[in-house]
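Here's the structure we're looking at; comments come further down.
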Amino acid sequence: FQDCPTAVGITTYRLEARNLVGELVSQDRTVSVADNTTPDNPLANTEWAVIAINESPTLTDSLTTLVFDPNGNVSGSAGCNNYSGTYSLSGVNLRFSAVSTSNLFCSEPEGIMEQEQLFIRVLIDVVRFEQPEGASLLVMYDIDGRELVRAVAK
């Protein structure tokens, strides 16, 4: 007989058996079931402000964001234009695809269009992520382990 408790809490089991002389012997055992599950998608329903791209700080007076929904969609501000795309997640492996932007041109702050183009390009190269400070920091890497994007929780 096998019983795998799934509800969080404490379950007591009683084992009854006959010993060598035929006496009924019983013993109780208590099992604690804890809720230690980790979410399948730790990025779902999170929003991030990008603070560095290719290990260089983002421009002052610009805001680049990442918003992850639970259905595999990502969107946000690339600095000037809004963008959207999809992402797939398997453990610490993260991939972006079908990323597209609106077509505005911004002249300020100086360099914003170059930063935006770089951000969109590096998203496609992301293969892995980590959250070294828990839920407050998100770092994304390429296949060679180079840091591509660093973001803080909004």
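The values are calculated or read from the model by the stated rules, or taken from the named source; none is laboratory data. Since the structure is predicted, the reported quantities are computational estimates derived from the model, not experimental observations. Cβ placement follows ideal geometry from the backbone for every residue including glycine, while neighbour counts extend to all protein chains displayed.
Before moving on, here are some points about what is shown:
- Test set (1) within 18 Å of residue 59 (Cβ to Cβ); (2) free of Cβ contacts under 8 Å to residues at least 60 places away in the same chain - residue 149 fails condition number: (2)
- Scanning segment 117-141 for residues being surrounded by fewer than 16 Cβ atoms within 10 Å (Cβ to Cβ), touching a residue at least 12 places away in the same chain (Cβ under 8 Å) and more than 21 Å from residue 81 (Cβ to Cβ) gives a total of 5.
- Any hit, segment 124-133, residues being within 20 Å of residue 43 (Cα to Cα) and of a type in the set (Lys, Arg): yes
- Among residues of segment 60-77, those that are under 20 Å from residue 89 (Cβ atoms) and in contact with an Asp or Glu (Cβ under 9 Å, 6 or more places away or on another chain), counted: 6
- Segment 50-104, residues that are crowded, with 18+ Cβ neighbours inside 10 Å, part of a strand (DSSP E or B) and of a type in the set (A, V, I, L, M, F, W, C): 50, 53, 66, 68, 74, 78, 94, 96, 99
- Criterion (at pLDDT below 95 and out of contact with any Cys (no Cβ under 9 Å at 6 or more places or on another chain)) met by exactly one of 46, 58, 65, 11: 11
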